[in-house]
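Enquirer: Encoded as structure tokens, here's the structure I'll be asking about.
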Amino acid sequence: MQASGELKTAKYLRAGTAVFVFLLVLSLFPFAADPANDIKILLYHWAAFLLAAWLLVSAWLERRPVQRPRLFLGVLAIFLALNLAAGLGSSYVGHSMVEVRKFFSLFLLYIVAANAYRTPAQVGRLMLTLCAAVALSTGYAFFQNAGLDPFPWADTSLPEYAELPATFGNANFAAHALILCIIMAIYLGSRARRIWCLAFLPLFFLHLYLTNQRGGVVAIAAALALVLAATLLHRRLKRPGPAIVAAMTLVIVFGALAVGALAAVQFARTGVAFPLKRPLLLRYHAYGGAVKMIAERPVLGYGPGNYVIENAPFWSGFEQENFAVKRAMNDHVHNDLLEIAVDAGIPAAGLYLTFLVTATAAGLYLYLTERDAARRRLGAAFAALFWAFLVDGLFGFNLRVPVSGAILFILAGALEGVWLAPAESRRRPPPLSALVWRGAVIVLAWVCLVFDTRVFASQVLLQRGNGAVHWGDYGAAAHVYANGERLAPWNWLFAYKRGIAASRQGHTDEAIAHFERALERHPNYVMTLVRLGQTHLDRSQSPSTSDPATALERADDYAKQALALCAMLPEAEDVLGRVAFARAAAAQNQASEGVAIALWREADRHLGRAILLEAENPGELYTLLASARWAQDDLAGAEQALIQAVKAEPGSVDA
């Protein structure tokens with residue numbers, strides 16, 4: 001049934017949105033570098049272009065204006081503009097524009113939803129579609145957990161599979177969607193004819209529990225507490241505005257008190273106020289680094305998506321150790337507000353917070369003031385969903401996750417549509433200016449689609465190149481990576497991996513050129529610095545090198561830059577040890593005994609530290625260390641190093 005004042009084609013927009021969210025949840029593409037999420041991001045842009053173009057063209061043909069949302073349009077438009085300004089002003093514009101285009105497509109989906117949805121029944125069908133898709137994904141996750149994955153997209157022996165990533169590619173990503181679907185299932189089951197939707201709850205709660213994501217339970221509890229508090233306070237205060245403000249304040253205060261109480265209990269039990277599991281420690285340190293980054297650029301930040309590039313200089317000692325040992329680092333802050341402030345400045349983070357708080361308040365207002373029971377229930381559901389999203393975002397980056405991010409913007413649009421429901425729009429000839437701006441929006445959506453289809457194709461080529469490297473076909477890998485780099489020239493990984501392929505083929509000069517290009521695109525990628533140090537070291541030892549001393553100097557410089565970012569990196573110490581070894585040998589050949597002894601000691605120190613940091617080639621390093629000690633007339637030390645070399649790699653030394 002067509003609601004009052006809505007477009008005749010609104011039902012097709014709703015159908016298209018339902019198809020989109022269903023595919024978004026369940027889509028996988030094993031041939032891309034990120035099998036679960038690259039395809040989802042591509043779907044963002046296709047859906048935004050097709051649905052927005054359909055809306056704009058159909059409204060023109062029906063001679064109706066596109067309904068202008070009342071609640072969040074200004075806030076979200078300024079938020080988008082700040083992200084665009086931050087991206088254009090950043091040091092890595094190409095990389096940042098990928099994130100900006102995602103926000104633009106989400107903004108278009110918000111506009112589409114605001115014009116497509118008008119009634120609780122329509123929104124309920126959308127929520128039912130989401131719950132059904134997530135239920136299918138959850139069923140797939142249980143198959144993964146049992147080792148029966150019919151669509152393997154990664155190594156099924158990886159620990160991540162045990163945490164039930166489902167079609168989301170990551171257990172935390174799955175949890176962000178499950179939190180929202182649990183609230184949707186409660187809302188859907190609140191009506192007698194859909195009480196069967198409560199059957200989703202045990203399935204979703206079990207999946208959420210097995211993801212080990214505890215912040216989700218806090219978010220759900222906070223959402224339900226907010227609705228309950230608003231209900232009780234409205235009965236006492238009688239006015240919706242004060243009741244909404246009081247309910248939010250009460251939940252925040254009680255939440256803070258609960259955190260304080262838990263911290264006190266934790267401190268009494270362990271002597272430390274907070275849990276100290278390694279993943280949590282990594283997040284605590286990420287928060288500290290993010291705060292430092294925000295303090296340096298508080299207005300426009302570093303550009304959307306550029307946290308992964310700019311963060312390394314702000315690493316704590318713990319983060320440096322984590323990278324040195326596990327080669328793992330935070331690609332995100334694990335707090336949406338902090339990450340937005342890093343990306344686009346404190347004003348952008350304030351706008352995002354305003355958006356979520358306003359959406360929650362609008363939902364509560366519908367719940368407390370509407371006479372229609374269906375609209376009241378939907379208002380409570382909206383309030384719980386947006387509040388849960390806000391709380392969940394304090395412990396993660398659900399805005400950046402394809403499924404939960406899309407749900408947020410589509411639900412915001414649906415809330416706008418329900419809010420607009422009483423409005424009538426009369427048929428009238430649209431002015432020429434309307435044709436101009438509609439055409440401009442369609443062109444911009446098309447540009448986003450074209451650029452990000454290229455990005456998706458590049459990710460497919462990246463995965464294909466990785467496969468060629470795995471099988472040792474470095475020539476084929478170099479060719480594939482070159483094609484990928486043409487599609488996504490801002491992506492440092494292509495140049496980096498081309499450098500690896502060239503290095504393994506013995507093309508030292510070519511490898512250096514690739515690594516230097518990768519470094520221009522990501523100056524803080526520690527392993528690029530290490531690779532440059534190693535490759536210049538190899539170049540210094542090549543008979544064709546005319547100036548080995550300069551090559552050694554470059555190797556020394558790059559290794560020191562790597563250690564400045566990550567002080568516990570064994571590969572960098574290895575390079576410095578070999579550089580000192582080569583310089584000592586050259587000084588000894590030139591009869592510069594005093595210089596040689598100092599360099600042998602330096603080589604001894606760096607090689608020893610590389611071994612201490614658990615380098616992957618201890619036998620080789622112990623052998624070099626033995627030679628350095630022999631040159632210093634430390635025969636006992638040389639003997640001990642050779643013994644350790646034999647123990648580490650029995651076949652590496654002629655005992």
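The values are calculated or read from the model by the stated rules, or taken from the named source; none is laboratory data. On a predicted model such as this, the values are computed, not experimentally measured, just so you know. Cβ: placed from backbone, ideal geometry, glycine included. Neighbour counts: every protein chain shown.
Enquirer: Filtering the stretch 49-80 down to residues that are under 21 Å from the mean Cα position of the chain (by Cα) and of a type outside the set (Phe, Trp, Tyr), which residue is nearest to Thr9 (Cα to Cα)?
Expert: Leu76
Enquirer: Could you please find all residues in the stretch 481-532 being among the small types (Gly, Ala, Ser) and not in a helix (DSSP H, G or I)?
Expert: Once the filter is applied, which keeps residues that are among the small types (Gly, Ala, Ser) and not in a helix (DSSP H, G or I), the stretch 481-532 yields Ala488, Gly506.
Enquirer: Among the residues of the stretch 327-336, is there at least one that is outside any loop (DSSP other than H, G, I, E, B), crowded, with 24+ Cβ neighbours inside 10 Å and either assigned by the TED database to the domain that holds Gly288 or not β-branched (Val, Ile, Thr) (or both)?
Expert: Yes, the conditions are met somewhere in the stretch 327-336.
Enquirer: Right, here's the next one. Taking the stretch 149-180 as the search range and keeping residues that are small (Gly, Ala, Ser) and either outside the structural domain of Gly405 (by the TED database) or touching a helix residue (DSSP H, G or I) at 6+ places or on another chain (Cβ under 9 Å) (or both), which one is modelled with the lowest pLDDT?
Expert: Of everything passing the filter in the stretch 149-180, Ala154 is modelled with the lowest pLDDT.
Enquirer: Restrict the check to the stretch 362-375 and report whether at least one residue is touching a Leu at 6+ places or on another chain (Cβ under 6 Å), in a loop (DSSP other than H, G, I, E, B) and in contact (Cβ under 8 Å) with a residue 24 or more places away in the chain.
Expert: no
Enquirer: Here's another thing I want to ask about it. State the number of residues belonging to the stretch 181-198 that are among the aliphatic types (A, V, I, L, M), surrounded by fewer than 22 Cβ atoms within 10 Å (Cβ to Cβ) and either touching a helix residue (DSSP H, G or I) at 6+ places or on another chain (Cβ under 8 Å) or touching a residue at least 60 places away in the same chain (Cβ under 8 Å) (or both).
Expert: 3
Enquirer: Being touching a helix residue (DSSP H, G or I) at 6+ places or on another chain (Cβ under 7 Å) and crowded, with 16+ Cβ neighbours inside 10 Å is the requirement here; does Ala273 meet it?
Expert: No; evaluated as a whole, the condition is false for this residue.
Enquirer: If you go through the stretch 578-596 one residue at a time, do you hit one that is of a type in the set (Val, Ile, Thr), farther than 30 Å from Asn483 by Cα, touching a residue at least 12 places away in the same chain (Cβ under 8 Å) and crowded, with 17+ Cβ neighbours inside 10 Å?
Expert: The answer is yes; a qualifying residue exists.
Enquirer: Let me ask you something else. With the structure loaded, tell me whether Val259 is hydrophobic (A, V, I, L, M, F, W, C) and outside any helix (DSSP H, G or I) or whether it fails that test.
Expert: Answer is no for this residue.
Enquirer: Checking the structure you have, find out if any residue of the stretch 347-361 is outside any helix (DSSP H, G or I) and within 18 Å of Val75 (Cα to Cα).
Expert: no
For every residue, the table says whether it meets (1) assigned by the TED database to the domain that holds Ser90; (2) among the hydrophobic types (A, V, I, L, M, F, W, C); (3) surrounded by fewer than 16 Cβ atoms within 10 Å (Cβ to Cβ).
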residue	(1), (2), (3)
Gly465	no, no, no
His470	no, no, yes
Ala482	no, yes, no
Leu493	no, yes, no
Arg498	no, no, no
Ser503	no, no, no
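Enquirer: Next question. Which residues, taken from the stretch 70-125, are surrounded by fewer than 22 Cβ atoms within 10 Å (Cβ to Cβ), in a helix (DSSP H, G or I) and among the β-branched types (Val, Ile, Thr)?
Expert: Selection gives Val75, Ile78, Val93, Val98.
Enquirer: Residues of the stretch 287-313 being in a loop (DSSP other than H, G, I, E, B), surrounded by 22 or more Cβ atoms within 10 Å (Cβ to Cβ) and in contact with a Ser or Thr (Cβ under 9 Å, 6 or more places away or on another chain), which ones?
Expert: Scanning the stretch 287-313 gives Gly301, Tyr302, Gly303, Pro304, Gly305, Asn306.
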